[in-house]
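Some notes on the structure that comes next.
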Amino acid sequence: MGDRGASKPSYGSISSPPSPGPERAPPGGTYLSQKIAIPDTESGTFSLRKLWAFTGPGFLMSIAFLDPGNIESDLQAGAAAGFKLLWVLLWATVLGLLCQRLAARLGVVTGKDLGEICHLYYPKVPRILLWLTMELAIVGSDMQEVIGTAIAFNLLSARRIPLWGGVLITIVDTFFFLFLDNYGLRKLEAFFGLLITIMALTFGYEYVVARPEQAALLRGLFLPSCSGCGQAELLQAVGIVGAIIMPHNIYLHSALVKSREIDRTRRADVREANMYFLIEASIALCVSFIINLSVMAVFGQAFYQQTNQAAHSLCANSSLHSYANTFPADNHTASVDIYRGGVILGCLFGPAALYIWAVGLLAAGQSSTMTGTYAGQFVMEGFLRLRWSRFARVLLTRSCAILPTVLVAVFRDLRDLSGLNDLLNVAQSLLAEQGCQCLHHGADLCHQPLLRGQLPVQPPSPCLLRPRGPAGCRLPGPHYLPGLDLLHCTRSSLPGPQLPPALPVRAP
């Protein structure tokens, strides 16, 4: 944060000890080492200049909606159910926007991300368990990105680079891209915007050449039904939700919004920041939804109820006849993954479609790898107060992700990699519940009227905060939160978090 209003109390903020002098980037600093100033404009009017200044965190967050796990979930849902599950994609994206909106507001109001809030709120044992859960989610997501990137290299090289070779390449390219943030925050955000543009152009091209039936697409998008669906379609629906609502992405977004200078002593500035971040996140998730919709629609049109024999014959009679053995010559319903998806697009619409698909897949894998690294840094620093360099952080995550992935790539086959991707998507849907539950508790720590943009004229009388258990049940006894300054409690000038004065708790 800048120096504006540094000496004033801030509404709903969780205060840290003041630091002398201007902020400097710490050794091995993260994305938040630089702050973006917000231009002054006329109060109460919408400003494109301000929207542009707030633009960035939402698009970085939206990349988690476009990782290779999402792409595979989209194409498999389209191949298994046609257009019948488009409405699941739509409402999962809406639910994701609601979660990300709460995460952004938490960061704006308190000045701390969700991991730091959990550090203040939870006792040590559940805090460590929650951190381990989030680390597993990040490693699982990184495994999907490694798989997608390896398959992209395999397709782009016309199978000259084996899958295990593509996995090993991801070790090098990740460290190369991580040095981009040394060139400034806005340039880094612009690079992420470029990767999203590449995905939009490549997957949009596939949509144009496939020409899905628009009437059936609109029915599947707005009519929530799935006639004739069974276990396979249910699995794909769960996978869509798990691929969209990524648990660690909630922690990421609550930290990214801290990169903007917001004067939390001014109620109008906080309310305005919440509004602009909501607009930016809505635009970003609208773009990601269109990309996901394009992928699902393409495979719902081109691959729904296709047999292996039909796909084999199609490739055998195309210019990519060497890929015909990708599909066995039998009458079983063909299964599809991000590798076979690229192959069938190339067989249907020409080699250009295959290479364009691989470029989009590569952009998805690289961009989501970088945001996953940032999420890991924020989670570790928030939960454990442990600061690592970017190099050490990505080395830990990528090592945990690459070891099982390279073993599967070497000793098994592509179908096992695809099955691993499906399993990770379903696991993410289970872990997402924990992330949303933490977000609910974190939102309780904020001043609730402030979260709704309804600040009181006068701050309420001080009281101790009682945490809420499941279903709104109060936990026994008062709960003291070190360093919490929601209600302007007086703090000691000594460094480090201080206990607020003991005050009686009002009866519920």
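The values are calculated or read from the model by the stated rules, or taken from the named source; none is laboratory data. Every value quoted in this text rests on a predicted model; they were computed, and no experiment measured them. Note that we place each Cβ from the backbone using ideal geometry, even for glycine, and neighbour counts take in every protein chain shown. The accessibility values were calculated without ligands, DNA or RNA, using every heavy atom of the protein model including side chains. Shrake-Rupley method; radii C 1.70, N 1.55, O 1.52, S 1.80 Å.
In table form, for the structure just shown:
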{"quantity": "Residues within the stretch 203-227 that are open to solvent by 30 Å² or more (accessible area, probe 1.4 Å) and either closer than 25 Å to residue 342 by Cβ or touching a residue at least 40 places away in the same chain (Cβ under 8 Å) (or both), tallied", "calculated": "14"}
{"quantity": "Residue count for the stretch 329-347, restricted to those that are under 23 Å from residue 233 (Cβ atoms) and over 28 Å from the mean Cα position of the chain (by Cα)", "calculated": "6"}
{"quantity": "Complete set of residues in the stretch 306-357 that are buried (at least 21 other Cβ atoms within 10 Å of the Cβ), among the aromatic types (Phe, Trp, Tyr) and touching a residue at least 24 places away in the same chain (Cβ under 8 Å)", "calculated": "323, 339, 357"}
{"quantity": "Close pairs from the stretch 259-273: first in contact (Cβ under 8 Å) with a residue 40 or more places away in the chain and within 11 Å of residue 111 (Cβ to Cβ), partner polar (S, T, N, Q) and crowded, with 18+ Cβ neighbours inside 10 Å, Cβ under 7 Å, at least 6 apart", "calculated": "264/10; 264/13"}
{"quantity": "Given (1) at positive phi; (2) assigned to a helix (DSSP H, G or I), index of the condition residue 228 fails", "calculated": "(2)"}
{"quantity": "Test for residue 401: is it surrounded by 23 or more Cβ atoms within 10 Å (Cβ to Cβ) and modelled with pLDDT under 80", "calculated": "yes"}
{"quantity": "Residue among 92, 77, 104 that is assigned to a helix (DSSP H, G or I) and touching a His at 6+ places or on another chain (Cβ under 8 Å)", "calculated": "104"}
{"quantity": "Count of residues meeting criterion [open to solvent by less than 50 Å² (accessible area, probe 1.4 Å) and either touching a residue at least 24 places away in the same chain (Cβ under 8 Å) or under 20 Å from residue 338 (Cβ atoms) (or both)] in the stretch 230-241", "calculated": "5"}
